[in-house]
1. Go through Ile363, Ile351, Ile347 for me and flag whichever is part of a loop (DSSP other than H, G, I, E, B), assigned by TED's automatic domain parsing to the domain that holds Leu115, more than 14 Å from Ile73 (Cα to Cα) and under 20 Å from the mean Cα position of the chain (by Cα).
2. Write out, first by first residue and then by second, each pair whose Cβ atoms fall under 7 Å of each other, whose residues are 6+ apart or on separate chains, and whose first residue, in the stretch 39-57, is assigned by TED's automatic domain parsing to the domain that holds Glu390 and within 23 Å of Ile363 (Cβ to Cβ) while the second is modelled with pLDDT of 95 or more and loosely packed, with under 15 Cβ neighbours inside 10 Å.
3. Could you check the stretch 357-372 and list, in sequence order, the residues that are crowded, with 18+ Cβ neighbours inside 10 Å and touching a residue at least 60 places away in the same chain (Cβ under 8 Å)?
4. Taking the residues in the stretch 114-131 that are in contact with a strand residue (DSSP E or B) (Cβ under 6 Å, 6 or more places away or on another chain) and outside any loop (DSSP other than H, G, I, E, B) as candidates, determine which candidate is surrounded by the fewest Cβ atoms within 10 Å (Cβ to Cβ).
5. Take the residues in the stretch 20-40 that are assigned to a loop (DSSP other than H, G, I, E, B) and modelled with pLDDT of 95 or more, then tell me which one is surrounded by the most Cβ atoms within 10 Å (Cβ to Cβ).
6. Quick one: count up the residues across the stretch 195-227 that are within 29 Å of Lys69 (Cβ to Cβ) and either in contact with a Leu (Cβ under 6 Å, 6 or more places away or on another chain) or not in a loop (DSSP other than H, G, I, E, B) (or both).
7. Report yes if Asp392 is surrounded by fewer than 17 Cβ atoms within 10 Å (Cβ to Cβ) and acidic (Asp, Glu), otherwise no.
8. For Leu317, state whether it is buried (at least 20 other Cβ atoms within 10 Å of the Cβ) and assigned to a loop (DSSP other than H, G, I, E, B).
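The values are calculated or read from the model by the stated rules, or taken from the named source; none is laboratory data. Please read all numbers here as calculations on a predicted model, not as lab measurements. Methodologically, a virtual Cβ is constructed for each residue, glycine included, from the backbone with ideal geometry; neighbour enumeration extends over all protein chains shown.
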Amino acid sequence: MKNIQDKLTKQLKRDIIINKYREDLYMLLEFSCSNHKSIKNKIVFSAIAGKDNTNEEYLVEYENYRILKNAVIYGANGSGKSNFIDAVLFVKYLVTNSIKFQPGDIVWQSPHKLLGINNDSEYNIQFITNGVRFSFGFTLRNSLIVDEYLFYFPRGRRVKIYERDENDFTAGDKFKGKFDSCKNIIKPNRLFLSCAANFSSVKETEVSFLFFRDKLVIYRGFNSDNWMKYSLKKMYNNPAFKDKVIYLINKLGADIKDIKIKISEPVFDKNELLLFLPNKNNDFLTNKEFMKIEAKVVYDAFEVDLMEEESTGIKKLFEFICPVIDIISKGKILICDELESNFHESIVYSIVNLFVKTRSKKIPQLFFTTHDTSILKLDLLRRDQIWFTELDKNSRSTDLYSLAEIKNVRKDENIEKGYISGKYGAIPMLNENLANVIMELL
């Protein structure tokens, strides 16, 4: 009886924590798309946990859902892993930037080679922002937006915010008349969400827009979106934070004593420079932050220039760790392409483990592609957290599926061995076959 009571008490405490901080909850639930680069037919990625009862403590409970905090995607080179992430990035870009599109600008549709731009490219995403579930999607055809929708689910019931058909839109009953200011703003090359977030006072469109802009973070490799600049400025302005970063990097295997950062203003006067340049360059220069950043990594007996002399692995650590700390502390979603690039496998394991076992009121998520099979362990990842991409040789289309969809995978199975042997598909030419081909060429 006592054991049952203890379990109920723990469950109650966990539910209280989730409910108490629900307004701070930001999570990706599902993403689907079609006719995007190598993705011809519709693929669906889901962060909703399946029936598997392993590692339940790593899940997040929300309403009637059990949500995954992280997932990994494996697949051969050219199978479409990066194109999946590119599709998510495309949605983020269009939401946050299409309001700036001018008449005549086209939406940069990237269709499958066998379909083209005259066929529909569809994008759909479900997410939680400010503790409320939203569903958003749109369709492109001939590089223009032909339909779009936004729903939300207060108290679990679906409520229409708006639906769009080309340049016409209808607002949900609760939002009648609240989008009138957008009638002259909407264009075939602008998402209505981008327009409404900027030209209406509807909170639901604003928080949706901010989810894409601020909470959905996409990393596509070394020197991505000035992460290094952000990291160096953050450490320069906050010495205590810098000490934490150095401590963490050393825990990951380095032996660094300090990093000396110098930030200086340019020697020229920006305002004077503008006088000698064409007007079309003025906005670019006015908004650009002019500064010179230098950094020296200090070891026991010497120091090296971070950008010119340091190893690629150490540079990526300094670039990557600061934004990751921000993502974890603020409960954001990180989508990362080839996480293992320039990292030792033990660092990859540590980063994944960090997201898995983080316990705080903010709940971060990590979704990433990799070729590193060392983390394919069921004590770290559930079967519904392991995904694969495979290119259909007939349709030349990317297929996306999870390990949970494959039958007869035991809970104690050696997943790494099974994947390398080709048991789950999504594997390039096996090493012994590759060796035979090379021998034939010699």
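1. Details: Ile351 fails: part of a loop (DSSP other than H, G, I, E, B); Ile347 fails: part of a loop (DSSP other than H, G, I, E, B).
On inspection, the qualifying residue turns out to be Ile363.
2. Val44/Glu30; Phe45/Glu30; Ser46/Glu30; Ala47/Glu30; Ile48/Glu30
3. Once the filter is applied, which keeps residues that are crowded, with 18+ Cβ neighbours inside 10 Å and touching a residue at least 60 places away in the same chain (Cβ under 8 Å), the stretch 357-372 yields Ile363, Pro364, Gln365, Leu366, Phe367, Phe368, Thr369, Thr370.
4. Glu122
5. Asn35
6. 19
7. So Asp392 fits the description; yes.
8. Values: buried (at least 20 other Cβ atoms within 10 Å of the Cβ): yes; assigned to a loop (DSSP other than H, G, I, E, B): no.
Against the criterion (buried (at least 20 other Cβ atoms within 10 Å of the Cβ) and assigned to a loop (DSSP other than H, G, I, E, B)), Leu317 does not qualify.
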